[in-house]
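Below is one structure, written out as structure tokens, with a few remarks after it.
The values are calculated or read from the model by the stated rules, or taken from the named source; none is laboratory data. Predicted, not measured: the structure shown is a model, and the values here were computed from it. Don't worry about glycine lacking a Cβ; one is built from the backbone with ideal geometry, like all the others, and counts go over all protein chains shown. For the accessible areas, the whole protein counts, side chains as well, though only heavy atoms, and no ligand, DNA or RNA atoms are used. Shrake-Rupley method; radii C 1.70, N 1.55, O 1.52, S 1.80 Å.
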Amino acid sequence: MSSVLQINIHFPFSNKRTPITFTPTTLVQDIIHMVCKKNQKKKPETFGLFCADDSFWLENQFTLMSYKPWFLKKIEIKKIQTKEIKILAYGEIYSINVDESSPISQILEILSKVSNKTIVTGFVLTYNDKILDRKLTFEESGIEDLEKTTFVYKQEIFPTLLKKAQIKSKKGKKNLLVTQKIFGCDLVHSLGRGSKIVDVPPIVTMSMEFIEKYGLKTRGIYRISGSIMNVQNLVQQFDSTDEVNLLEFTKSATDVTSLLKQYFRDLSEPLLTYSLYSTFVKIHNMKYIWEQLPKLKLLLKCLPKPNYETIKVLSKHIHFVSLQSHVTKMPIDNLALLMGPNLLKNPKSDMESMINDTKIQCGIATLLFEHYEYLFFEGEINFWPIIVKGKYEYLNNQEGELPVHIDEFFAVLSKGQQSETEKAEWWTVKNATGERGFIPSNYVIAVEDPDFDFEEFLKPKKKKRITVTERMEALREKMGRVNQAILDIENASQKVEQKSNQLEITLEEQIKLRTQLEQFLQKQFPEEFEKNL
């Protein structure tokens, strides 16, 4: 049995303390009901428990025992003066009742209890990308309309760290910066080496521009490795300075793709961060894409701003490269397989986890690259899921395309590039057998049936296991059809032969008749016959 505890709760309306007995599992809201009942107060939902010493409201859904002991020295019940705020943390939105006069550090304590996650060093509460001081209150921070604002709890790169990246020369020259290596370090080291702090590392922007200018006709782009010597030379150059002219060191796009992959692979903490890895796994394990995308969009906002801006431009770049897959033979799935392990990593770096996590890394990267427009720009999902069916016949002409048959169903996964020759877009779709590919949008029409079972259509189709007996029966049926076809051919050839013989007989008869007619005319009309000859 649970032990019984007692606490005296100050009731301001009667200016006395109310003794309440409770167990360790009693909720705060139950204690509020007990106090209101003893003091004959109605509407207990309008009251709350308040820690006067620390200006802290207790959450109704927690027990008293879940709070630290010093919070409970002076508890009183009072009219609720809190406001409900929304905090985006770890990809989820949490609603929390807060007092505007409470310091933000105490609000983070509540968040850690609600989310069942401990407060992590380096994580902060932000508002419009502005870091809120934990020692201040919302009032002191100058934030109005709390209930209409969504705050973000995320890992952040502090301005002080960026300033440390700009190390001044010991000689005292303000504009002379000591260069720092960027390979094998944090992302922060790539942001503050120039005259101003940037959100996206210069090596990333310069590499993407080079690839988009010189590499879109390279077969196997991002898959084929560049020259080891050239890549190492580029690494040394970027470790020294951001002002690198890539054309001076290479003219090969494969050298630059290898450089970019190595940069992300060597980061001391991956671009999508270790702290959010478990949430990325949860999103990957969701069954349907229209469940995954809204969650992924929220989770991305929990990244530090430089990480967010970098994955934003990278996703757009990879999507752009994938549109040239008819030339490069590198569709999004292949690109995601190559880039995913460099962007998302399991904190457990053992060999077994690396093998098991490849599918997760590739799946998240595919979502990022394929749906970057929705994930990184404002707007709602307005075409997931669209089910279309074939309106005309279309034969696939290029690798990566799917044929379209009349009344065949497809699920549209993303809308793609506008065709230059036709008034249509190329859509990425999945057919009923699970094959993915491109189809022209003007060969299909949307399904209007509201009862269409989207989920059943998109479920992976399990291939039926065929037994040896079934294989033998299928082979016998096939042989029977072949034998029947042979018989049909023989019968047809016999009929042709008979028809040919009939034609020969008919020709002989015609010659005979003509001969008899000539003999008759010669006998009856000899003179006329000779003149005609």
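When ranked by the protection proxy of mean other Cβ atoms within 10 Å per residue, highest first, what sequence do the peptides 311-323, 242-254 form?
Packing order, densest peptide first, comes out as 311-323, 242-254.
From largest accessible area down, sort W290, W427; use a 1.4 Å probe on the protein chains.
My answer, sorted largest first, is W290, W427.
Karplus couplings for the range 254-263 from phi (6.51 cos²θ - 1.76 cosθ + 1.60, θ = phi - 60°), rounded to Hz, Gly and Pro as x?
Ordered by residue, 3J(HN,Hα) equals 5, 5, 6, 5, 5, 4, 5, 4, 5, 4 Hz.
Listed highest first by mean packing, meaning other Cβ atoms within 10 Å per residue, what order do 489-502, 83-96 come in?
By packing density, highest mean first, the sequence is 83-96, 489-502.
Which of the trypsin sites (Lys or Arg not before Pro) found in the range 267-298 are in a DSSP loop and have at most 12 neighbouring Cβ atoms, other than their own, within 10 Å?
Sparse-neighbourhood loop trypsin sites (Lys or Arg not before Pro): K287.
Give me the 1.4 Å probe accessible area per residue for the range 320-362, excluding ligands and nucleic acids, in Å².
Per residue, the range 320-362 has an accessible area of 50 Å².
Going by Cα centres, the range 330-376 and the range 473-499 are how many Å apart?
Computed from Cα coordinates, the inter-centre distance equals 54 Å.
Around E401, which amide H atoms from residues at least 5 apart in sequence, or from another chain, sit under 5 Å from its own amide H, with H modelled in the peptide plane?
Result for E401 returns F438.
So what J values fall out for the range 313-319 if you push phi through Karplus, 6.51 cos²θ - 1.76 cosθ + 1.60 with θ = phi - 60°, rounded to Hz, Gly and Pro as x?
6, 5, 5, 4, 5, 5, 4
So who's got an amide H within less than 5 Å of the one on I386, skipping anything under 5 residues away but keeping other chains? H placed 1.01 Å off N, in plane.
V412
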